[in-house]
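> Submitted below is the structure of interest, expressed as structure tokens.
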Amino acid sequence: MTKIVNATVEILGKAYTIRCPETETYSLHQAAEYLNSKMQELNASGKVLGMEKIIIITALNIAHRLLALEAEKDKTASTLQERITSLFSKVDHVLAVKPQMELLSAE
């Protein structure tokens, strides 16, 4: 059974204690550091006023990037599947032709 621990992360100078599986604390800290850096970038730009807007815009930017990466992954997986199918077809063709070639060379 996974042990649940309290992990403290800091985002924009404020500490947050999050309960998570002990095995996930490193990932949690990485995610918090990423979130913090993106929020700091937006805050430093001076284009967005108010913590709530910084949070919402940062979350939307991260969600947009995630969806773009998932779409790219799906496209890549589809392309790979097509290439694999094509290679299998070529191998099947060669295997089907080889016995015929052996018969011709035996004559």
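> Out of everything in the stretch 11-44 that is of a type outside the set (A, V, I, L, M, F, W, C) and under 12 Å from I55 (Cβ atoms), what residue ends up being surrounded by the fewest Cβ atoms within 10 Å (Cβ to Cβ)?
Narrowing the stretch 11-44 to residues of a type outside the set (A, V, I, L, M, F, W, C): 13-14, 16-17, 19, 21-27, 29-30, 33-34, 36-38, 40-41, 43.
Then keep just the ones that are under 12 Å from I55 (Cβ atoms); that gives 14, 36, 38, 43.
Details: K14: 9, N36: 17, K38: 17, N43: 15.
Ranking the candidates gives K14 first.
> Something else: Looking only at the stretch 29-82, how many residues end up being farther than 28 Å from R19 by Cβ and either polar (S, T, N, Q) or touching a Phe, Trp or Tyr at 6+ places or on another chain (Cβ under 6 Å) (or both)?
So the answer is 5.
> Based on this model, can you work out whether T25 counts as in contact (Cβ under 8 Å) with a residue 12 or more places away in the chain and not acidic (D, E)? Step through it out loud before you land on a result.
On the way: in contact (Cβ under 8 Å) with a residue 12 or more places away in the chain: yes; not acidic (D, E): yes.
For T25, the condition - in contact (Cβ under 8 Å) with a residue 12 or more places away in the chain and not acidic (D, E) - is met.
> When you go through T76, T25 one by one, which is the residue that is of a type in the set (S, T, Y) and not assigned by TED's automatic domain parsing to the domain that holds V9? Reasoning before the result, please.
Values: T25 fails: not assigned by TED's automatic domain parsing to the domain that holds V9.
Step by step, each of T76, T25 is checked, and only T76 is of a type in the set (S, T, Y) and not assigned by TED's automatic domain parsing to the domain that holds V9.
The values are calculated or read from the model by the stated rules, or taken from the named source; none is laboratory data. Note that the structure is a prediction, hence the values are computed from the model and not measured. Here the Cβ is made from the backbone with ideal geometry for all residues, glycine too, and neighbour counts use every protein chain on show.
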